[in-house]
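The values are calculated or read from the model by the stated rules, or taken from the named source; none is laboratory data. Note that the coordinates shown come from a computational prediction; the quantities given were computed from them, not determined experimentally. Note: ideal-geometry Cβ built from the backbone for every residue, glycine included; neighbour counts use all protein chains shown.
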Amino acid sequence: MAIRPIVRFPSPLLSQKADTVTRFDAALEALADDLLDTMRAAPGIGITAPHLGVLQRVTVIELDRESGVRIYINPEIVWNSAEVMKHAEGSVSMPGVSEDIERPQTVRVRYQSLSGEKVEEEAEGLMAICLQHEIDQLDGIFWTQRLSRLKRDRAIKKFEKLTREQTRV
């Protein structure tokens, strides 16, 4: 278990589609552990393997310690509700920046467990938002692509300013 460096926006790795996981072994478990440690240190509530520069379809979500850690291998959305909700989103790859994004309120996701078992479940509210956000990332869609051009440009400028200020310190 280790905290790994996070790939920062605008790295091209964040716009690449992750590969399907085919080996369910100790290396996959170690990756999931590293994702959890890195996400908690960031801090964040969701992270994908591409955030660590590993182009595999793995995501870890922990809304809070009480809810527990959820690990999704090869997740895909198989259904979403017509009802939508807005929620502030950001990324561990673009810390300090967030914007409201509208997404379906409920989703059904098909994925595999760390052992390779196939699972399907429904999620709503914040968990549904997180799943959609992280699955987008696995598909090479960085969260800012869901914003209007104006909001996207504003978010990028804000991040660039924050990055400049941090490098001066």
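What to note about this one:
- Identity of the residue in region 1-40, in a loop (DSSP other than H, G, I, E, B) and of a type in the set (Ser, Thr, Tyr), that ends up surrounded by the most Cβ atoms within 10 Å (Cβ to Cβ): Ser11
- Where a residue in region 16-40 is closer than 17 Å to Gln112 by Cα and of a type in the set (Val, Ile, Thr) and its partner, wherever it lies, is modelled with pLDDT of 95 or more and not in a helix (DSSP H, G or I), with Cβ under 7 Å and at least six apart: Thr20/Arg57; Thr20/Asn74; Val21/Gln56; Val21/Arg57; Val21/Val58; Val21/Ile73; Val21/Asn74
- Residue satisfying all of: in region 99-125; in contact (Cβ under 8 Å) with a residue 60 or more places away in the chain and in contact with a strand residue (DSSP E or B) (Cβ under 7 Å, 6 or more places away or on another chain); surrounded by the most Cβ atoms within 10 Å (Cβ to Cβ) among these: Gln112
- Any hit, region 106-117, residues being in a strand (DSSP E or B), modelled with pLDDT of 95 or more, in contact with a Phe, Trp or Tyr (Cβ under 6 Å, 6 or more places away or on another chain) and not charged (D, E, K, R): yes
- Among the residues making up region 41-66, those that are on the phi < 0 side of the Ramachandran plot, part of a loop (DSSP other than H, G, I, E, B) and touching a residue at least 40 places away in the same chain (Cβ under 8 Å) are Ala42, Gly44, Ile45, Leu55, Arg57, Leu63.
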